[in-house]
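The values are calculated or read from the model by the stated rules, or taken from the named source; none is laboratory data. Just so you know, these numbers come straight off a predicted model, no measurement behind them. Keep in mind that these areas ignore ligands, DNA and RNA; they rest on the heavy atoms of the full protein, side chains included. Shrake-Rupley method; radii C 1.70, N 1.55, O 1.52, S 1.80 Å.
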Amino acid sequence: MAVGSANPDSSVETTVPARLDRLPWARLHLMVVVALGITWVLDGLEVTIVGSLSGVLQNEHTLHLSSEQIGIVASCYVGGAVLGAIVFGWLTDRFGRRTNITLVIYLGGVLLMAVSWGMASFAFFRFITGLGIGGEYG
């Protein structure tokens, strides 16, 4: 049956996965695996570093954040990652992957975090960082 038919029990059979499995390993495959691995490592490193620095961020000589504010900042990062994955995933499906704009957004967010002057700016820059890393997932 065709996709979108009126019968809800219909299924679509495809030979695409089997055809892909028969392809020889090529440079493109290696590049995709390395790119995904780097993104995964950056995401894990990002979350780990900020989590490890939460005690320093609470210091009165730095941003002087409370535990609640650190939780809000972490949520901003996750919210940015979710929104970035949705928006940039849709854009990638529609237009294809043409640029490394998500990497630029990620790096910009990380650099801006270094010059944060308060909780609001730090949370906003974490959100931007999340947008970039979420876009990399797409």
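Which helices (runs of 4 or more DSSP H) sit wholly inside the stretch 1-93 and have at least 3 residues that are within 22 Å of Leu131 (Cα to Cα), at pLDDT below 85 and within 21 Å of the chain's Cα centre (by Cα)?
So the answer is 27-52.
Just to be sure I understand, how many residues within the stretch 22-52 are open to solvent by 80 Å² or more (accessible area, probe 1.4 Å) and not β-branched (Val, Ile, Thr)?
Residues meeting the conditions: 12.
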